[in-house]
Every structure is written in C-alpha cells, then in structure tokens.
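Read the structure below first, then the notes.
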C-alpha cells in the first residue's frame, strides 16, 4: 500500500531556487525557527495556523507553492493538507532548510534559537531524569514518569508524530514576535 507522502512531489533545493521568482515559498516552521534562518521571500505560516484558502490567495499568480520546514516532515504534513483541499502546483522542499543550507544556498539569518528537535530532547531527558531521581529519593511511584515519557517517545517513533514537539511549538519562546493566526506573515 502506498503512503500519502508518496503522492507529494519533492524538489531539490537547487531546483527550487531556480523557480524562486515565480513560486510561493511557504515556510511552516515556528516563528523562532524562521527568525533563526529562512529562505529570502518565504512567507511564514506555522503549521496549523492557516487554512488552504489563505494559501491559495497568497499563491495566486505563482506557478507553484514550495512548502518548507526544517527537514521536510512538517512541510509534508502541510502539503497533505493542501493536497486534500485540491491545491494545484504543490511541492515540498526536499530536506527543508537544512538541505537548502547544506547546498550552500543563501539564507537570511536572525537571532539564533534552539531547534524544536533539540527542545524535545531536552524536555524528554529532563522528565526522565526527574522521574528517576524522584523515584529513587522520594517515592518509587515517580518512576512511572520516566516510563510515560519513554512510551511517548516510542509512540512518536512509530507514528512519526511528536505530541511534545507540537506542545513545545506553541510555547511563547517559539512564537515571539508573532500573534500567529492570519496576521503571522513575514513576507515580501
């Protein structure tokens, strides 16, 4: 059985750059990630804060919509949502901003932030360590906290969905300078 991801066309960073002038680059990362580094002219619309009609309006007159995130996962989710709404001319930047930078293509840089992936690792490690220490020094029942986090990480690995990441993406430090909603656009 074919996964829905296989129907999403992917484009290499060098090919995407060649179409940059007549494409909408839709960045679906958090405002903090966007502020850290983004493709010039990309429009910021964090995953889950927009409707396909809004993106269709932004893409009017463009040949295609290149959906961008850090590595490709969130961009694929956004593309699936747009594809489900019948959005034409849709591609995902293969490898995301990471691949764009690795290809030596220019990025606009701002204030450095901790990536969402690192934030998840820090939070998960903190919960596991806290559960282990509380279980040893306070009450053995606290070990369940470590087990809960471990189960969550297993679930995230199997489903490729991270609840902790989604929660952290909504934290104020990941949304500074943005009231996210339809007013959250940083575009040309």
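The values are calculated or read from the model by the stated rules, or taken from the named source; none is laboratory data. All values reported here derive from a predicted model rather than from experimental measurement. Backbone-built Cβ (ideal geometry, glycine too); neighbour counts: all protein chains shown.
Residue 109 meets all of the listed conditions (1) on the phi > 0 side of the Ramachandran plot; (2) touching a helix residue (DSSP H, G or I) at 6+ places or on another chain (Cβ under 8 Å); (3) loosely packed, with under 12 Cβ neighbours inside 10 Å but one, namely (1).
Take the residues in the range 76-95 that are under 19 Å from residue 60 (Cα atoms) and surrounded by 19 or more Cβ atoms within 10 Å (Cβ to Cβ); name whichever of them is farthest from the chain's Cα centre (by Cα). My answer is 90. With a requirement of 2 or more residues that are over 19 Å from residue 168 (Cβ atoms), the helices (runs of 4 or more DSSP H) lying completely within the range 1-112 that satisfy it span 13-18, 52-59, 73-84, 96-102. If you go through the range 96-106 and keep only what is surrounded by 21 or more Cβ atoms within 10 Å (Cβ to Cβ) and either within 13 Å of residue 20 (Cα to Cα) or modelled with pLDDT under 95 (or both), you end up with just 100. Pairs meeting the criteria (first residue in the range 41-53 and modelled with pLDDT under 90, second residue surrounded by 15 or more Cβ atoms within 10 Å (Cβ to Cβ), beta carbons under 6 Å, at least 6 apart or on different chains) are 47/28; 47/74; 47/78; 49/180.
Under the condition of being at pLDDT 95 or above and within 17 Å of residue 44 (Cα to Cα), the residues counted in the range 107-128 number 2. Here residue 48 meets each of (1) more than 30 Å from residue 141 (Cβ to Cβ); (2) in contact with a helix residue (DSSP H, G or I) (Cβ under 6 Å, 6 or more places away or on another chain) with one exception, condition (2).
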